[in-house]
Amino acid sequence: MRAGLINFMAGFLKNMISVLEVKNLTMNFGGLCAIDSLDLDVAQGEIVTLIGPNGAGKTTFFNCITGIYNPARGDIFVSSPWNKDKIKKQERINGLKPNHITEKGLARTFQNIRLFSNMTVLENVMIGRHCRTSSGIAGAVFRNRSTVKEEKEVVEYSYNILEKIGLSSFVNEFAKNLPYGAQRRLEIARAMATEPFLLLLDEPAAGMNLQETRELAELIMRIRDREHISILLIEHDMKFVMSISDRIFVMDYGRKIAQGTPAEIRKNPVVIKAYLGDEISA
Amino acid sequence: MIKAQEIKKSFFVSIWFMFLTFPIMVIRVNPIEKLIEWRWKNLALIGIGSFLLSFVWRYLLKQKEAGRKKAEACGVDNISLGRKLIEDSGFYIPALIAAAVFALVFPFIFSLYQINIMVTALMYVVLGLGLNIVVGLAGLLDLGYVAFYAVGAYSYALLNYHFGLGFWTVLPIGAVAGFIFGIILGFPVLRLRGDYLAIVTLGFGEIIRLVLENWNEFSFGPSGIANISRPGFFGIQFSLQGAIIYLYFLMIAFTLFTIFIVNRLQNSRIGRAWIALREDEIACQAMGIDKTKTKLTAFALGATWAGMIGVIFAAKTTFVNPASFTFMESAMILSIVVLGGMGSIIGVIIGAFALILTPEYLRAFSDYRMLIFGAIMVIMMVFRPQGIITNARRTYKFHGRIS
């Protein structure tokens, strides 16, 4: 009786705080099963990492969640922790367009940097505010008071984010002129401007040197702790992954082969086998 | 060393040219006297000419290459002409005043012919600015822009013919017609991009023209519609000269209006979204911008301007027929945008004047007109593919905190 109650409570709490829940997700490209019945969940305030060898389907998984691909089967539920009415409301986001998913509160970065290179750093972040603002053609032409106010707020908000990310010194530079590490961080800043509750980072540390990686880890922790944004990321740099993740999911050939805390994953023979091949485990 | 290599390359080019042109430039058969003339002088001239041209061409290319390397080495973009133009108030204020004064006195010191050309040029300025929204800002290659121009022109012609509606009534109707046609075309085609979009819009442009040409009951076919009334001015009747001058000032006002609107649009939330869409479609969507809606807005707004200019065109020429709306027109307007510099207002204005006025004033060399035109286009695309004025977009600057 008591155990049942505790179980119920635990389940309830878990449901309360899970911002992303993926159940049985499957994605096919022709005959190739890129993702095979994958389950994954991210709790509020968690940093979850998805790792796996090249071609395991990690980026495809991201593309499914963010609406670039429409998954063949399975469900993706999100629930905003900032929902005003406090009633847990899970929403299924399968098949929604990417822009609607962003409006729901999921924002992503890309593996190969996709900044708007001929726009300034500030403008890049301002684009992120697009879905949270509303002025239209008439507002643009007549530039009435509410439009001017909105523009001011957009600039202010964007600059605040740049300050938090540590890019305020580049504010008026063109994005293409930024150093590599700063471009990666600008992508994060741009994603944060959409006011997400879950940030999806696709290999944020790729190509960064040790110093930059360390700073990035600090930045991601800071985003989680101060902005209360949950984070799901894909990364290959194991030192980085082990140092910041709360939980790790391991994928290989489209399947989840393991999940757990960094310490568990490090010892998991299946993971070691997937990464290093059969000989080691033999 | 490099020089010697260049000379060698140019030398081979000239040899090759001499060989290629040998049959037509050197040999001449005189069938009457059964003689073959060998014009060796021509061969020498071609050799020297092609050698010099090739050498100059290579030299310029090298210069361009060196310039780019230097810019890369410095790690900064050198400030472009366009940026200088819009940011240096010491330069642009006097320039603007001079342009305004010139525009004001222009119709009183030049002949009717000159005013007519100027009105045409201004119309292309506005068309260019309209297409600039679609091509330059939103990055959608539209080869059927003239279709919307035709829609505007025919809406005035037909409404005037059947119902006697005046210019000022039809101007907004033309705008709305352009807008609606923009949306009708936009819905199915905007899921395409790049080349595919270009081909579909090209087809649409041709469809509109062919419908107008063949649907006699509706559009009077190739013979067109004549005797369209000129724009009225509170019921005053103008002489021909007066009407043209009136039209000129109307176009000046309309151009200013367009510049104002386009400028405001591009410095707005929507304009930013267009530019972002041009830069990277996928990232744009992932940042929460509705791709379809944004593209459709750009497409429909561009079409609106074409519709309005169509009405003005019909009022100016007092005659419309489908021959005015061929693909050449679309190509011309697109050239204006590309030559002037995509996305830059001042660039498009300069491009329009260059492309419309140059052929007019080159009528003296009318045989070589298109040759010169083509040469200019080729040279532009090789040495300044980004257009005359580049990157003249006013970027958002952060000037400190707003409290």
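Within the stretch B:314-325, track down each residue that is buried (at least 24 other Cβ atoms within 10 Å of the Cβ) and assigned to a helix (DSSP H, G or I). Result: B:A314, B:A315, B:F325.
Condition check for A:G74 on (1) surrounded by 14 or more Cβ atoms within 10 Å (Cβ to Cβ); (2) part of a loop (DSSP other than H, G, I, E, B); (3) at positive phi: one failure, at (2). Modelled with pLDDT under 85, open to solvent by less than 50 Å² (accessible area, probe 1.4 Å) and of a type in the set (A, V, I, L, M, F, W, C): does that describe B:V13? Here the answer is no, as B:V13 does not meet what is asked. For the stretch A:130-149, taking the residues that are crowded, with 19+ Cβ neighbours inside 10 Å and not aliphatic (A, V, I, L, M), the one that is nearest to the other protein chains (Cβ to nearest Cβ) is identified as A:C131.
Looking only at the stretch B:295-318, count how many residues are over 23 Å from the mean Cα position of the chain (by Cα) and closer than 22 Å to B:F179 by Cβ.
Total satisfying the criteria: 0.
Being β-branched (V, I, T) and under 19 Å from the mean Cα position of the chain (by Cα) is a property that A:V78 has.
Restricting the first member to the stretch B:178-198 and to residues that are more than 27 Å from B:S155 (Cβ to Cβ), and the second to residues that are open to solvent by 50 Å² or more (accessible area, probe 1.4 Å) and among the small types (G, A, S), no beta-carbon pair is closer than 8 Å while six or more apart or on different chains. If you go through the stretch B:251-278 and pick out every residue that is touching a residue at least 24 places away in the same chain (Cβ under 8 Å) and farther than 15 Å from A:G136 by Cβ, you end up with 11.
So is A:E156 more than 8 Å from every other protein chain (Cβ to nearest Cβ), of a type in the set (D, E) and either more than 20 Å from B:W274 (Cβ to Cβ) or surrounded by fewer than 17 Cβ atoms within 10 Å (Cβ to Cβ) (or both) or not?
no
Quick one: in the stretch A:200-239, of everything that is more than 12 Å from the chain's Cα centre (by Cα) and among the basic types (K, R), which residue is surrounded by the most Cβ atoms within 10 Å (Cβ to Cβ)? Going through the qualifying residues, I end up with A:R214.
Could you check, for the stretch B:284-299, whether at least one of its residues is assigned by TED's automatic domain parsing to the domain that holds B:S344, touching a strand residue (DSSP E or B) at 6+ places or on another chain (Cβ under 7 Å) and of a type outside the set (D, E, K, R)? Yes, because at least one residue in the stretch B:284-299 is assigned by TED's automatic domain parsing to the domain that holds B:S344, touching a strand residue (DSSP E or B) at 6+ places or on another chain (Cβ under 7 Å) and of a type outside the set (D, E, K, R). Applying the set (1) in a helix (DSSP H, G or I); (2) facing chain A (nearest Cβ under 10 Å); (3) more than 18 Å from B:Y124 (Cα to Cα) to B:I289 leaves exactly one unmet item: (1). Which numbered condition trips up B:V134, out of (1) within 30 Å of A:F116 (Cβ to Cβ); (2) open to solvent by 10 Å² or more (accessible area, probe 1.4 Å)? Every condition holds for B:V134 apart from (2).
Sub-9 Å Cβ pairs linking a first residue in the stretch B:5-26 that is in the same structural domain as B:R39 (by TED's automatic domain parsing) and under 11 Å from B:L52 (Cβ atoms) to a second residue that is of a type in the set (F, W, Y) and assigned to a loop (DSSP other than H, G, I, E, B), at least 6 apart or interchain, number zero. Every condition in (1) aliphatic (A, V, I, L, M); (2) assigned to a loop (DSSP other than H, G, I, E, B); (3) modelled with pLDDT of 90 or more is met by B:A306 except one, and the failing one is (2). Is it true that some residue in the stretch B:190-198 is open to solvent by 10 Å² or more (accessible area, probe 1.4 Å) and part of a helix (DSSP H, G or I)? There is at least one residue in the stretch B:190-198 that is open to solvent by 10 Å² or more (accessible area, probe 1.4 Å) and part of a helix (DSSP H, G or I). The residues of the stretch B:164-189 that are among the aromatic types (F, W, Y) and open to solvent by 60 Å² or more (accessible area, probe 1.4 Å), listed by number, are B:W168, B:F179, B:F181, B:F187. Look at (1) farther than 23 Å from A:T60 by Cα; (2) aliphatic (A, V, I, L, M); (3) part of a strand (DSSP E or B) and you find that A:M251 fails only one, number (1). Of the residues contained in the stretch B:334-345, one or more are found to be touching a residue at least 60 places away in the same chain (Cβ under 8 Å) and closer than 17 Å to B:G205 by Cα.
Of the listed requirements (1) at the interface with another protein chain (Cβ under 7 Å from one of its Cβ atoms); (2) open to solvent by 50 Å² or more (accessible area, probe 1.4 Å), A:S169 misses just one: (1). If you go through the stretch A:104-138 and keep only what is free of Cβ contacts under 8 Å to residues at least 60 places away in the same chain and either assigned to a loop (DSSP other than H, G, I, E, B) or more than 18 Å from A:L186 (Cβ to Cβ) (or both), you end up with A:K104, A:N112, A:F116, A:S117, A:N118, A:M119, A:T133, A:S134, A:S135, A:G136, A:I137, A:A138. Checked against (1) in a helix (DSSP H, G or I); (2) open to solvent by 10 Å² or more (accessible area, probe 1.4 Å), B:M342 meets all criteria but (1).
The values are calculated or read from the model by the stated rules, or taken from the named source; none is laboratory data. Small disclaimer: the values here were computed from a predicted structure and weren't measured. We place every Cβ from the backbone using ideal geometry, glycine too, and count neighbours over all the protein chains shown. Remember, those area values only see protein heavy atoms, side chains included, never the ligands or the DNA or RNA. Shrake-Rupley method; radii C 1.70, N 1.55, O 1.52, S 1.80 Å.
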